[in-house]
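The values are calculated or read from the model by the stated rules, or taken from the named source; none is laboratory data. Nothing here was measured: the structure is a model prediction, and the numbers come from that model. All Cβ positions, even for glycine, are placed from backbone atoms using ideal geometry, and neighbour counts span all protein chains on display. What goes into the accessible areas is simple: the full protein's heavy atoms, side chains included, and nothing from ligands, DNA or RNA. Shrake-Rupley method; radii C 1.70, N 1.55, O 1.52, S 1.80 Å.
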Amino acid sequence: MADFEFVVDIAAPPQRVWETLIDVERWPEWTRSVISITRLDTGPLALGSRARVVQPKLIPTVWKVTEFDGQARLFTWQTGRPGVKVIGGHRVESGEYGSRVRLTLTYRGLLGVLMAHQLKELNWKYITMEAQGLKARCERNT
């Protein structure tokens, strides 16, 4: 499997959830799946923005925003090395009780499927931690 997806409903307004999600440098405050995120540019997160992400059990990587739509409340960023591209998707939609967040992680490239298989359990653990941490953070601030 090279694709991971986790959907979570959050009892908070979509705009609040979106603002929390795009404030990437503060992710370590609400998810243990991230040790630190350092923006490599200034200004709000936008198309082309880059950030160095440090996570437990993984080597530090630089992620670049490849899709950003503030109106639709979605952003995608990617990282990689020869033979592997990893794409992280983030979307906040209106939900029945507030917001619905869809987090995705996709592996591409010759070595992508192998890497996704090797990191399968860790990927599920981290994407779940991120979704649950975002939910707790946004619902606490409601």
Being assigned to a helix (DSSP H, G or I) and without any contact (Cβ under 8 Å) to a residue 12 or more places away in the chain, is that true of even one residue in region 27-49?
yes
Go through region 127-142 residue by residue and tally those that are in contact (Cβ under 8 Å) with a residue 12 or more places away in the chain and either open to solvent by 20 Å² or more (accessible area, probe 1.4 Å) or part of a loop (DSSP other than H, G, I, E, B) (or both).
10
Among (1) modelled with pLDDT under 95; (2) surrounded by 14 or more Cβ atoms within 10 Å (Cβ to Cβ); (3) closer than 22 Å to Gly133 by Cα, the one test that Gly109 misses:
(3)
Subset of region 10-48, residues surrounded by 15 or more Cβ atoms within 10 Å (Cβ to Cβ) and over 14 Å from the mean Cα position of the chain (by Cα), comes to Ile10, Ala12, Pro13, Pro14, Arg16
Could you tell me whether Gly80 is open to solvent by 30 Å² or more (accessible area, probe 1.4 Å) and among the small types (Gly, Ala, Ser)?
yes
Among (1) modelled with pLDDT of 95 or more; (2) more than 17 Å from Arg140 (Cα to Cα), the one test that Met1 misses
(1)
Of the numbered conditions (1) open to solvent by 70 Å² or more (accessible area, probe 1.4 Å); (2) at pLDDT 95 or above; (3) out of contact with any Lys or Arg (no Cβ under 8 Å at 6 or more places or on another chain), Asp69 satisfies every one except a single condition; which is it?
(1)
Among the numbered conditions (1) open to solvent by 90 Å² or more (accessible area, probe 1.4 Å); (2) over 24 Å from Asp3 (Cβ atoms); (3) at pLDDT 95 or above, tell me where Lys64 comes up short.
(2)
Is it the case, given these coordinates, that Thr128 is at negative phi, at pLDDT 95 or above, under 12 Å from the mean Cα position of the chain (by Cα) and of a type in the set (S, T, N, Q)?
yes
